[in-house]
């Protein structure tokens, strides 16, 4: 990346006089300056001194334009070995269900994780054309003075965050969209007598352009895949693990983002010195929902990390389950650093609720600032039928299967989990109409951040699973509360269209209807196009569906609970019959004659079929 380019040369004062600060000259290797000048339309061409050698002598000082030099020091935070306590799921060499080899980043290996180095040198600079002595003490004063007087052009800082993270921050005190702008100060303390503290440049973030979140820096953040095994071989894993890394970088690294104030650096304040960085920052996004970081906490004292927490939140499709995952890195009393990954944990039940808030932006010239939010209640239309939700979600485990890997639009990772599924009129196999189920399939959203996947992407996701995502279950129910029993062995979600041609999602309970013992009864399929009637194959289960749209986790119209419960294909729930329609029926064989009960349906309070 451009920001990793080397300086023309760098000098570090290892004495205590300048508190181990130095300078880096970047007249030729000025990638950072050129990127910023293009972004903010700031000219970095010094017409006045264009014909003059960029380094000059003035008295006893060697001077240059401020944009050619940076305050420079060693890496700000030590990347020490971390003892990982959590077993990895997505590892190097893994293959998904389609036979495709997984790509990095991977989950970190269990045990000690090592880093090649402590990362990159710390650099602080600006785009000022004013002259400055090429010495660390005058340079530190120059950075603060020109920023506060708005003569800096733009001020920037490039430094490490804990354990493989890198931050590039931009301080813009001319941003009209921010009511509280970022600050830069030298908080070097002075004590009585001749005792003075060292140089420490403190950067404070400005107010976020989004609502309901902490202050953050403009810029971008990266989580490197730089963990090594004990033998020094690279694992291509990241400290945050595979999916949290993609969520973190999808929000804070990858431009452009539809989210306000993104990309950025989830940090409220940092003090940079030659002895290491210090920060006590707890950044939070209180409305994080779809593939977003909800918390980034960093406690660092002079380059040593005592505590790091990165928490991400997302959604499980197609159930509408809100999930959270927390990576905690903690220094123990012994001095060792440990890592623990909570894995995905459910924050809600699965009630097909994908509602969220959409930002409302200010008018130009502050069109990047959020001034309100709009509630989006039903981005998808669901007809759950008799499957009234999934409760007590537990044991969520990532699987080596990805939908849309590397897609610029949407990427989701497969997971399985256990839950209590609520059906109607359960007579055996459950308690309180809830039945325990294991190995239910779902997909966790990794991108895009801040919004659900599109309707088209949701359709493609289901199509990738043959239009059926669900799980096994084992119970017996009374269909619509009648005396007709059904042994349910599974449930799933499918996509179809309604009578207006709009896409809807239908949940079906699947199993075998318990037919009368007197006479020869069976379930058959009827092909509407050809008129052929054939027995239902043993490996297939009859689906049980009911129309009724859900909204905000419940039936939009409570009277829909009295709609017909039908033995019908979910695709045909509301779609007008056509040549592709496959009907189900009950066939009674009475020897010399047969009776076919086509499209059987049941209704609450009605005893007859």
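Which condition breaks for residue 123 when tested against (1) in a helix (DSSP H, G or I); (2) surrounded by 17 or more Cβ atoms within 10 Å (Cβ to Cβ)?
The one condition residue 123 does not meet is (1).
Kindly evaluate residue 323 against the criterion of being within 17 Å of residue 165 (Cβ to Cβ) and modelled with pLDDT of 95 or more.
It is false that residue 323 is within 17 Å of residue 165 (Cβ to Cβ) and modelled with pLDDT of 95 or more.
If residue 24 passes every condition in (1) surrounded by fewer than 19 Cβ atoms within 10 Å (Cβ to Cβ); (2) at pLDDT 70 or above; (3) not in a loop (DSSP other than H, G, I, E, B) but one, which one does it miss?
Of (1) surrounded by fewer than 19 Cβ atoms within 10 Å (Cβ to Cβ); (2) at pLDDT 70 or above; (3) not in a loop (DSSP other than H, G, I, E, B), only one is false for residue 24: (1).
Select from the range 291-308 the residues that are in a strand (DSSP E or B) and more than 15 Å from the chain's Cα centre (by Cα) and list them in ascending order.
The answer is 297, 298, 299, 300, 301, 304, 305, 306, 307, 308.
Checking the condition at negative phi and buried (at least 21 other Cβ atoms within 10 Å of the Cβ), which residue from 452, 472 passes?
452
Tell me which of these residue 105 doesn't satisfy, since it passes every other one: (1) buried (at least 16 other Cβ atoms within 10 Å of the Cβ); (2) under 30 Å from residue 175 (Cα atoms); (3) modelled with pLDDT under 90.
The failed condition is (2).
Test residue 280 against the stated conditions and say whether it is surrounded by fewer than 17 Cβ atoms within 10 Å (Cβ to Cβ), within 29 Å of residue 184 (Cα to Cα), in contact with a strand residue (DSSP E or B) (Cβ under 8 Å, 6 or more places away or on another chain) and at pLDDT 95 or above.
yes
Taking the condition touching a residue at least 60 places away in the same chain (Cβ under 8 Å) and in contact with a helix residue (DSSP H, G or I) (Cβ under 7 Å, 6 or more places away or on another chain), does residue 340 pass?
No; evaluated as a whole, the condition is false for this residue.
Quick one: count up the residues across the range 548-583 that are at pLDDT below 90 and at positive phi.
Residues in the range 548-583 being at pLDDT below 90 and at positive phi: 2 in total.
Within the range 357-365, can one find any residue that is at pLDDT below 90, surrounded by fewer than 14 Cβ atoms within 10 Å (Cβ to Cβ), in contact with a strand residue (DSSP E or B) (Cβ under 8 Å, 6 or more places away or on another chain) and not in a strand (DSSP E or B)?
no
The values are calculated or read from the model by the stated rules, or taken from the named source; none is laboratory data. No experiment lies behind these values; they were computed from the predicted model shown. When we count neighbours, we look across all protein chains shown, and the Cβ atoms used for this are built from the backbone with ideal geometry, even at glycine.
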